[in-house]
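Trainee: Below is the structure I would like to discuss, written out as C-alpha cells.
Every number in this text was worked out from the coordinates using simple rules, so none of it is lab data. Bear in mind the structure is a predicted one, so any value in this text is a computation, not a measurement. Please note: Cβ atoms are built from the backbone with ideal geometry, for glycine as well, and neighbour counts cover all protein chains shown.
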Amino acid sequence: MKKQKVYLYDGTFDGLLCCIYHFYKDRDPLAEICIQYRQSSFFLEEKKIVTNTKNAQIVSDAICQKISQESLYDIYYAFLSDKNGKEMAILDYVRMGFRVGKAIRCHLTDRRVKIMLDLCERTVRERHRMLGLLRFQRKKNVLYARIEPDCDILPLIHSHFQKRISSEYWVIHDTKRNKAVIYDKKVCRMVEVSKDEIIEDKKDDYFEVLWKIYHKKMAISERRNLKLQMAHMPKKYWKNLTELQEKSVDNLKNFL
C-alpha cells in the first residue's frame, strides 16, 4: 500500500499546475500540497514537484478545454488568495470540473465550488479595493507606491496603472511579499525586492503634501462617518495612505 504523499512545490502558479499534472500522471494518494511541509509523519511521504512550463501548459489547456477559460481565471484568482489549504481546494475543484465540465458553475451549493468561489471573490474584492486605495509618492524621478495586501494582487493591478500612468516611471512595492512591479515607460517587470533595497525618505515631498491637502479640502466634517469609512476601507490599509499619515500639511510652503 502506497503512503500518502505531500507534494512540495515552489509556490508559483505553474508549480501548482505541475502538481495537478503529477497527481494524474503518477496516481499518488495525495494528502497535501504545500510550499514547505513542517510536520513530519510516518504515514506521509514528501515528494518534490519540479516546475515544468510544458507540464503546466498541458494542465492549463486541459482546464480550458474540459471545463472553461472562465474556470481557469477562477483558479488563478483563488491561487492568489491568502488562505491556507487553497492548493487542495483547487485540486478538488479541478477533479470535479473534469467530470462535469462547464456545468460546474451551476453547482453553486457544492462545497468544492463554494470554497473555490469564496477564494476567488476574496482576491477580486481586495484587488478592487486596492485600485482605489493605492497612493504613489514621488521619489526623485520615479513614482513609488507601497502596499501590504492580504492576497497576492500585485500581478492583477499593474496593467491598470500601466494604462493610466504610461508616461511616468513607477514602482509598486509589495512589502509583505518582498517583490515589486517596475514600469520603465515601456513594459512592466516583476522583481524580487528585499526590505533594504528601497529606503523611503523621511521628509515629506510635494506629491505627498498635495494628497493631504486634497483629502482635507474634500472632506466634509459634518458627514464624517468613521464606522462606514472603516467598512469600505479597513484600518489595516491606513498606514499606507498618504493623506491619513499624521504629518502637517504646512510643509507645502517649502515647495512653493
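Trainee: Going highest first, how would you order 5-12, 101-108 by mean Cβ packing within 10 Å? Could the numbers behind the result be given before it?
Mentor: Details: 5-12: 18.2, 101-108: 13.6.
The densest-packed peptide leads the list: 5-12, 101-108.
Trainee: Can you pick out the pairs among Lys25/Lys86; Lys3/Lys66; Lys66/Lys163; Lys54/Lys102 whose Cα atoms lie more than 32 Å from each other?
Mentor: Cα-Cα > 32 Å for Lys66/Lys163; rest within.
Trainee: Among rounded, prolate and oblate, which fits segment 1-119 when a ≥ b ≥ c are the square roots of the eigenvalues of its C-alpha gyration tensor, a/c under 1.5 means rounded, and a/b larger than b/c means prolate?
Mentor: Working: a/c = 1.67, a/b = 1.49, b/c = 1.12.
Here segment 1-119 falls in the prolate category.
Trainee: Compute the label zone of Asp26 within segment 53-78: residues whose backbone N is under 19 Å from the point 7 Å along Cα-to-Cβ.
Mentor: 53-60, by backbone N distance to the label point.
Trainee: Continuing with this model, one more query. Once the Cβ-Cβ distance between Val142 and Gln36 is put in as r, and R0 is 30 Å, what FRET efficiency do you end up with, to the nearest 0.05?
Mentor: On the way: r = 34 Å, r/R0 = 1.15.
The formula returns an efficiency of 0.30 here.
Trainee: So, one more: Looking at the square roots a ≥ b ≥ c of the eigenvalues of the Cα gyration tensor of segment 68-205, which shape do they give, rounded for a/c under 1.5, prolate if a/b is larger than b/c, or oblate? Walk me through the intermediate numbers first.
Mentor: On the way: a/c = 2.95, a/b = 2.39, b/c = 1.24.
Since a/c reaches 1.5 and a/b is larger than b/c, the shape of segment 68-205 is classed as prolate.
Trainee: Take the Cβ-Cβ distance between Ser166 and Gln69 as r, set R0 to 35 Å, and report the resulting FRET efficiency rounded to the nearest 0.05. List each step's numbers first, then the result.
Mentor: Details: r = 28 Å, r/R0 = 0.79.
It comes out at approximately 0.80.
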